[in-house]
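Novice: If you scroll down you'll find the structure; I have some questions about it.
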Amino acid sequence: MIMGLTGGIASGKSTVSALFVNKGAKLVDADVIAREVMLPGHQVLAATVRHFGQDILFPDGTLNRAKLGEIVFRDPEAIQTLNDLTHPAIRQEIRSRMQEMDTLEPERLIIVDIPLLFESNLQGMFEEIVVVYVPREVQLARLMERNNWSKEQAEDRLNAQMDIELKRSKASYVIDNSGDLVHTEMQVAKLWDRLGLL
Ligand SMILES: CC(C)(COP(=O)(O)OP(=O)(O)OC[C@H]1O[C@@H](n2cnc3c(N)ncnc32)[C@H](O)[C@@H]1O)[C@@H](O)C(=O)NCCC(=O)NCCS
Ligand SMILES: Nc1ncnc2c1ncn2[C@@H]1O[C@H](COP(=O)(O)OP(=O)(O)OP(=O)(O)O)[C@@H](O)[C@H]1O
């Protein structure tokens, strides 16, 4: 069984994915793939540099992520361009990894963690979608603390994504991660049982 998992930035997707993996699920992580396509030598990084300029690179040729982030997250046109450059390759790699895992171990739950699942209209890839939810204020506070960001930086990133309440309303299952970890773990265990997994 393959299940999509999404939520807002810093809502706890990695935390919840790890809980599923502890129970025996396999994971495909879109953020990891998104980083792979931005490594030196990859055609996606080369195309991104052609568009945004050499200034987004460090002298050693690796991507200056903070710099590209500053450019795109304040400018809707720039983020759209970056999405057009990166998303087709990321999507293709997600598909190929989940199909490979499913072929090798068809009885296992495969969790596919995609932050922009709804924004990119990928609902059709999954029968079930879990949304990891926290209210916007909690999201903002955790993001500022984890990344050591100002409120403005955190809000720019939040505003580049679909509202978390709307995501919640589109879910097959909601995991509320606004309480402590034990509370979240209980909800994962409950969902695991409900899906009939052992
Ligand atoms: C602009 C980049 C270099 C900034 O890197 P940075 O290290 O600061 O952030 P990181 O990649 O760890 O992303 C953290 C979170 O930001 C949010 N985010 C990233 N890209 C986007 C985007 N295009 N639109 C909206 N939110 C985004 C996601 O919630 C993601 O989980 C990087 O995010 C990037 O290459 N983005 C384009 C690819 C992409 O869409 N990745 C995310 C989904 S797979
Ligand atoms: N239940 C919780 N209580 C307190 N802090 C939490 C809880 N769950 C997660 N966190 C913290 O909130 C931050 C965001 O969590 P996490 O990294 O899992 O989110 P994410 O959705 O995967 O983030 P991103 O969108 O950046 O990939 C982390 O610093 C994490 O330690």
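Novice: Among the listed residues ASN64, ASN22, which satisfies the condition of being polar (S, T, N, Q), within 16 Å of ligand 2 (Cβ to nearest atom) and without any contact (Cβ under 8 Å) to a residue 60 or more places away in the chain?
Specialist: It is ASN22.
Novice: Inside segment 68-85, can you point out the residues that are surrounded by 14 or more Cβ atoms within 10 Å (Cβ to Cβ), assigned to a helix (DSSP H, G or I) and either of a type outside the set (A, V, I, L, M, F, W, C) or more than 6 Å from ligand 1 (Cβ to nearest atom) (or both)?
Specialist: GLY69, GLU70, ILE71, ALA78, THR81, ASN83, LEU85
Novice: Would you pick out the residues in segment 25-41 that are outside any loop (DSSP other than H, G, I, E, B), touching a residue at least 40 places away in the same chain (Cβ under 8 Å) and either open to solvent by less than 30 Å² (accessible area, probe 1.4 Å) or more than 18 Å from LEU104 (Cβ to Cβ) (or both)?
Specialist: Within segment 25-41, VAL28, ALA30, ASP31, ILE33, ALA34, GLU36 meet the criteria.
Novice: I would also like to ask the following. Could you grab the pairs with beta carbons closer than 6 Å, sequence gap of 6+ or different chains, first residue in segment 76-90 and free of Cβ contacts under 8 Å to residues at least 40 places away in the same chain, second one open to solvent by 40 Å² or more (accessible area, probe 1.4 Å) and more than 16 Å from ligand 2 (Cβ to nearest atom)?
Specialist: From residues that are free of Cβ contacts under 8 Å to residues at least 40 places away in the same chain, the pairs are ALA78/ILE71.
Novice: May I pose another question? Mind listing whichever residues of segment 166-180 are assigned to a strand (DSSP E or B) and hydrophobic (A, V, I, L, M, F, W, C)? Before you say what the answer is, go through the steps one by one.
Specialist: We begin by selecting, within segment 166-180, every residue assigned to a strand (DSSP E or B); these are 173-176.
Scanning segment 166-180 gives VAL174, ILE175.
The values are calculated or read from the model by the stated rules, or taken from the named source; none is laboratory data. None of the values given here were measured: they were computed from a predicted structure. Glycine gets a Cβ as well: all are built from the backbone with ideal geometry, and neighbour counts include every protein chain shown. What goes into the accessible areas is simple: the full protein's heavy atoms, side chains included, and nothing from ligands, DNA or RNA. Shrake-Rupley method; radii C 1.70, N 1.55, O 1.52, S 1.80 Å.
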